[in-house]
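See below for the structure under consideration.
The values are calculated or read from the model by the stated rules, or taken from the named source; none is laboratory data. On a predicted model such as this, the values are computed, not experimentally measured, just so you know. Neighbour counts run over all protein chains shown; Cβ positions are idealised from the backbone, glycine included. For accessibility, only protein heavy atoms count, side chains too; no ligands or nucleic acids. Shrake-Rupley method; radii C 1.70, N 1.55, O 1.52, S 1.80 Å.
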Amino acid sequence: MSNNIHVIELSEYTRPEVKEDKNKEWVSIGDNNGFFTYLIDRYLNSPTNGTIINSIASQVYGKGLHAYGANKMPDQFAKMKSLFKKHDLKNTILDLKILGMAALQVTYKGKRISKVSHFPMQTLRPEKMNDKGQVEAWYYHPNWQKAKRNDKPERIPVFGSGSSNEIYIVKKYVTGMDYFCLPDYFPSIAYCELEEQVSSYLLNTVSNSFSSSKIVSFNNGTPDRQTQLEIKNKVVNQLTGVYGDK
């Protein structure tokens, strides 16, 4: 009798896979190198997640950049503040909250830093570590999911390498993750996606004049197992999911 019971399991999102391709100089993360895009979609499409992230990012920024002892060194403090524009700080904080990481582009004029600006974290991928376990550069591509084989992402050295244009990555240490850092809300990511699906389902229900879903019952005997599987697959394909038929 147990052979006639079929269980439909729901998918579950696990920690993204970090991949080192021997034919590429950079390291990818997630399916089709699109993990950052996945997180951005959860920010944009989950109302609760998006509201919380915006609120926390706003609180972190507060009244802007400040430093202890600024009154004692007003000239140095003024120079430091001139390097960081308000919108760059806000964008960096937002990236850090959404993606768990953020990037700052450090530009030099001669031997002095002339500007520190926000750099979109989702456009960067780390170079493979050297023999000392250090990442010496990050690669830039405007859309990694659409990157072609003949594309040549721009290599940007890390901060402190002595180049005129460098990248500084802001991220905390996470055990077992050398290249990337998951956002602090990641354990709840399935609920962010669930909220999106429920919202889409309810919207679809309203759009269809509140037509109720159906319970399908077969009362014409028990077919052989192969026929059962065929019927099951047809029903699942047609009736399940957010946009399944009513």
* **Shape of region 21-140, Cα gyration tensor, a/c cut at 1.5** => oblate
* Given the rule -39500 (n - 2.57) for each run of at least 4 DSSP H residues, summed and divided by the residues of the chain, what is its mean residue ellipticity at 222 nm, to the nearest 500 deg cm²/dmol? -> -11000 deg cm²/dmol
* **Karplus (6.51, -1.76, 1.60) ³J(HN,Hα), θ = phi - 60°, over region 219-234, in Hz, Gly and Pro reported as x** => 10, 9, x, 9, x, 5, 4, 4, 5, 4, 5, 5, 5, 4, 4, 5
* Qualifying aspartates and glutamates (Cα of each under 16 Å from Cα of K19; at least 8 residues distant if same chain) -> D31, E127, D178
* To do: Would you mind getting the accessible area per residue of the chain, heavy atoms of the protein chains only, 1.4 Å probe, in Å²?
  => 70
* Quick one: work out the % antiparallel among DSSP beta bridges in the chain, nearest 5. => 95
* **Partner aspartates and glutamates for K234 [C-alpha distance under 17 Å; skip if fewer than 8 residues away on the same chain]** => E9, D224, D245
* Label region 113-170 by shape, choosing from rounded, prolate and oblate, from the square roots a ≥ b ≥ c of the eigenvalues of the Cα gyration tensor; if a/c is under 1.5 it is rounded, and otherwise prolate applies when a/b is larger than b/c, oblate when it is not. => oblate
* Asked: Using Cα atoms only, what is the angle between the long axis of helix 35-45 and the major principal axis of the chain, expressed in degrees (0 to 90) to the nearest 10?
  -> 70
* Asked: Going down the list K128/K152; K115/K148; K97/K152; K86/K172; K24/K172, which pairs span over 21 Å between their C-alpha atoms?
  -> K115/K148; K97/K152; K86/K172; K24/K172
* To do: Can you tell me the order of 54-66, 112-124 when each peptide is scored by its average per-residue count of other Cβ atoms within 10 angstrom, highest first?
  => 112-124, 54-66
* Dipole size in debye (nearest 20) for the chain around its Cα centre, Lys and Arg Cβ +1, Asp and Glu Cβ -1? -> 1160
* To do: List the pair-distance distribution P(r) of region 142-213, using every Cα-Cα distance, as the percent of pairs falling in each 5 Å bin from 0 up to the bin containing the longest distance, rounded to whole percents.
  => 3, 11, 10, 10, 14, 14, 10, 9, 7, 6, 3, 2, 1, 0
* Asked: Per the 1.4 Å probe, what fraction of the accessible area of the chain, in percent, lies on carbon and sulfur atoms?
  -> 52
